[in-house]
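Throughout, read-outs are computed from the coordinates displayed, never taken from laboratory work. Here the structure is a predicted model, which is why all the values come from computation and not from measurement. Reconstructed Cβ throughout: ideal geometry from the backbone, glycine too, with neighbour counts over all protein chains shown.
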Amino acid sequence: MCGRFVLETPLKATAESVNAQLAKNLVTVPNYNICPSENINVVVSSLGHRKLGKMRWGFIPHWYKSITDGPLLFNARAETLAEKPAFRDASRKRRCLIPADGFYEWQKLEGSNSRPVYVKRSDRQQMIFAGIWQYWRSRENRIPTCTILTVPASEQISEIHHRMPLLLEPREWALWLGEEGDVGIAQLMKTPKHIKLDILNISNKIKSTIAPKGSQYH
């Protein structure tokens, strides 16, 4: 799964890498402890034009009467996406890219204990998570919301957790955003076995203002 992540790449550099226009009032970076229900930066495409904008992390189905009317849907399983009423329409019409520089996972230890690890790409490139989004509307508000897709963990991650975010490579972005139609989308929703990751043991004291540092996981 993915319940916390890091964003430290400058906004302009992120926009340039994904070929997107910067919206106003984006979430400031760096932030080393982004949590569900917070606003995050997300890339969407309309008529082939990409924009990097702000959304609430935590997908809100249209039938929720309030933003707290049900569970916080910050992750969605890629394998069952098209079957779930909450996600079905968005999976076809509203797919997005969610930039990150790494994510946290907690490895279970003996008893009820766990320890955090930090996961990032070995090539130091930004991670791009696959996501879906939609507006949630009330009488007073229209809130853009999104969720991060997850897939079965790669061999590297499986020692720590059985799920991981769906990571997309640059050649896959256009198809995921719907700029090249929908044929082949299912082929993207698989465990990213070809992306090498670094896994670091880190301190339990995770803070939004302090970059994660630690020793190589083994």
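Local charge for SER154 was computed over the other residues whose Cβ lies under 11 Å away, with Lys and Arg +1 and Asp and Glu -1, and equals +2. Here region 191-213 and region 50-99 have alpha carbon centers that stand 25 Å from each other. For the chain, the relative contact order is 22 percent, taking Cα pairs closer than 8 Å that sit 6 or more residues apart in sequence and dividing their mean separation by the residue count. Its residues counted as N, the chain yields a C-alpha radius of gyration over 2.2 N^0.38 Å of 0.98. In whole angstrom, how far apart do the alpha carbon centroids of region 1-46 and region 148-170 sit? Cα centroid of region 1-46 versus Cα centroid of region 148-170: 20 Å apart. Across region 93-218, the convex hull enclosing all Cα atoms gives 154 Å³ per residue.
Helical runs assigned H by DSSP (4 residues or longer) give the chain a calculated mean residue ellipticity at 222 nm of -2500 deg cm²/dmol, each run adding -39500 (n - 2.57) before division by the residue total.
The Cα-based radius of gyration and maximum Cα-Cα distance (Dmax) for region 79-135 are 15.8, 44 Å.
When the Debye formula is applied to the Cα atoms of region 40-156, each taken as the same point scatterer, what base-10 log of I(q)/I(0) results at q = 0.10 Å⁻¹? At q = 0.10 Å⁻¹ the computed log10 ratios are -0.36.
For region 1-57, the set of trypsin sites (Lys or Arg not before Pro) satisfying both a DSSP loop assignment and a count of at most 16 other C-beta atoms within 10 Å is given as LYS24.
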